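We did not get these values from a lab; they are worked out from the coordinates using the rules stated. Here the structure is a predicted model, which means the values were calculated and not measured. Methodologically, a virtual Cβ is constructed for each residue, glycine included, from the backbone with ideal geometry; neighbour enumeration extends over all protein chains shown.
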Amino acid sequence: MSETRIPLAGVIGDPIEHSLSPRLHGHWLKTLGINGHYIPMRVVNEDLERVVRTLPKAGFVGVNVTIPHKETVLSLADIVTDRAALIGAANTLIFRADGKIHADNTDGYGFTENLRQGAPGWTPTAGPAVVFGAGGAARAVIASLIEVGAPEIRLANRTRARADALRAEFGTRIKVFDWLQAGNMLEGAATVVNTTSLGMVGKQEFRVPLDGLKPGAVVTDLVYTPLRTHFLSEAEKAGCTVVDGLGMLLHQAVPGFERWFGLRPKVDDGLRAAVIGR
């Protein structure tokens, strides 16, 4: 790539209008004084491969990938990181100077960095972790909880078979509970995570009883619309340290931005304000 070419990055998905990533990366480009652009692109399934292979020729240094393409892009990559392979999905593509496509998944990194920033006293080894949900986000969360040494991961999903499949894949550190018994998972838990869409604006409320939460547990909700969900409010009333889900979105963006544009950005109050429009 010639030195005069303006670096371009973006996010591909379908739909894409809801994505906060352009606002997020746009803030960093502006505050760091980088002459680059970050563009949202709606790409349908049948066009995915052609678009991904064409973007580097148009000056793109990489893209974020969102629903429904996070699994499919793995098959288009020349290099897949261990964590992307383990999770079975990529959210970050890097178009290398040698023409190779490098696929990574930074969701787990975003999850743990968000907890470390939002709950500085978080000690993942201090007790069992509880995970509600068994979708793509749960896979990233479970992989990162194993990596940081959670001694046990208690998992419940509305469709039990999906939780059982994750146990088969990630091993015996996972203990599966029926959804109707999910409240029982909370006893003695040090880390509690909602990876479902329950409680999100326009979705059903999160109704699992939370009276088993112990004071001092670190509780996070991956939902960030609203920022303060019913789940987090109840946990706060129980004396837990609560961390909202917006920080995971912000932190997962850091490694990709650094690889694409050459500077490591900061996740701070200015960024949060820019992203949520306050």
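At full extension, Arg162 and Glu236 could sit 23.7 nm farther apart than now, given 0.36 nm per residue minus the alpha carbon distance.
Going by the alpha-carbon gyration tensor, a ≥ b ≥ c the square roots of its eigenvalues, is segment 121-193 rounded (a/c under 1.5) or, if a/c is not under 1.5, prolate (a/b greater than b/c) versus oblate? Cα axes put segment 121-193 in the oblate bin.
Per the Debye formula with a single identical scatterer at each Cα and no solvent contribution, what log10 I(q)/I(0) holds for segment 92-144 at q = 0.13, 0.14, 0.29 Å⁻¹? Each listed q maps to, in turn, -0.45, -0.51, -1.18. A P(r) calculated from all alpha carbon pairs of segment 202-278, with 10 Å bins opening at zero, reads 17, 39, 28, 14, 2 percent.
Equivalent ellipsoid semi-axes for segment 185-232, as square roots of 5 times the alpha carbon gyration tensor eigenvalues: give them largest first, rounded to whole Å. Numbers along the way, then the final one.
Numbers: eigenvalues 79, 23, 13 Å².
Value: 20, 11, 8 Å, ordered largest first.
Our estimate of slack between Glu147 and Leu32, defined as 0.36 nm per intervening residue step minus the Cα-Cα distance, is 38.2 nm.
Using alpha carbons only, what's the Rg to Rh ratio of segment 71-183 with Rh from Kirkwood? Kindly include the intermediate steps, with their values, before the conclusion.
On the way: Rg = 15.4 Å, Rh = 15.0 Å.
So for segment 71-183, dividing Rg by the Kirkwood Rh gives 1.03.
Near Lys214, the amide H atoms lying under 5 Å from its own belong to Gly188, Ala189; only residues 5 or more places off or on other chains count, and H is placed 1.01 Å from N. Of the trypsin sites (Lys or Arg not before Pro) in segment 191-256, the ones in a loop by DSSP (not H, G, I, E or B) with at most 16 other beta carbons within 10 Å are Lys203, Arg207, Arg228. Of the GluC sites (Glu not before Pro) found in segment 11-99, those in coil by DSSP whose Cβ has at most 13 other Cβ atoms within 10 Å are Glu17. When Rg and the Kirkwood Rh are both derived from Cα coordinates, the Rg/Rh ratio for segment 17-59 amounts to 1.05. Subtracting the Cα-Cα distance of Glu258 and Asn184 from their residue separation scaled by 0.36 nm leaves 22.5 nm.
Electrostatic bookkeeping for Glu187 treats Lys and Arg as +1 and Asp and Glu as -1; over the other residues with beta carbon under 13 Å from its beta carbon, the sum is +1.
Taking the alpha carbon gyration tensor of the chain, what are the square roots of 5 times its eigenvalues, largest first, to the nearest whole Å? Don't skip to the end; give the middle numbers.
Values: eigenvalues 224, 84, 53 Å².
They are 33, 21, 16 Å, listed largest first.
Reducing segment 66-84 and segment 88-116 to their Cα centroids gives an inter-centroid distance of 9 Å. Averaging the sequence gap over all C-alpha pairs within less than 8 Å and six or more residues apart, then dividing by the number of residues, gives the chain a relative contact order of 16 percent.
Here, segment 1-121 has an Rg and a Dmax of 14.8, 46 Å when only alpha carbons are counted. Residues whose amide H comes within less than 5 Å of that of Arg154, counting only those at least five positions distant or on another chain, are Ala129, Val130, Val131, Lys175 (H built at 1.01 Å from N in the peptide plane). Dipole of segment 133-249 (Lys/Arg Cβ +1, Asp/Glu Cβ -1, origin at the Cα centre): which of Ala156, Val208, Leu186 lies farthest to the positive side? Result: Ala156, furthest along the dipole toward the positive end. Between Arg50 and Arg96, the modelled labels are 2.8 nm apart [label points 7 Å from Cα along Cα→Cβ].
Distance from the C-alpha centroid of segment 217-238 to that of segment 128-177: 19 Å, rounded to the whole angstrom. In the chain, the longest principal axis of the Cα atoms and the axis of helix 160-170 are about 70 degrees apart. Per-residue Karplus couplings for segment 35-46, computed as 6.51 cos²θ - 1.76 cosθ + 1.60 with θ equal to phi - 60°, are listed in order as 7, x, 9, 10, 10, x, 9, 7, 10, 7, 3, 5 Hz, Gly and Pro entered as x.
Counting Cα-Cα pairs of segment 61-136 in 5 Å increments starting at 0 gives whole-percent bin shares of 3, 14, 21, 20, 15, 11, 9, 5, 1, 0. Remark: relative contact order (segment 36-142) = 20 percent; criterion is Cα-Cα distance under 8 angstrom and separation of 6 or more residues. With a ≥ b ≥ c taken as the square roots of the eigenvalues of the C-alpha gyration tensor of segment 35-78, please select rounded if a/c is under 1.5 and otherwise prolate if a/b is larger than b/c or oblate if it is not? Here segment 35-78 falls in the prolate category. Sparse packing (at most 15 other Cβ atoms within 10 Å of the Cβ) combined with a DSSP loop state is found for the following trypsin sites (Lys or Arg not before Pro) in segment 41-138: Arg96, Lys100.
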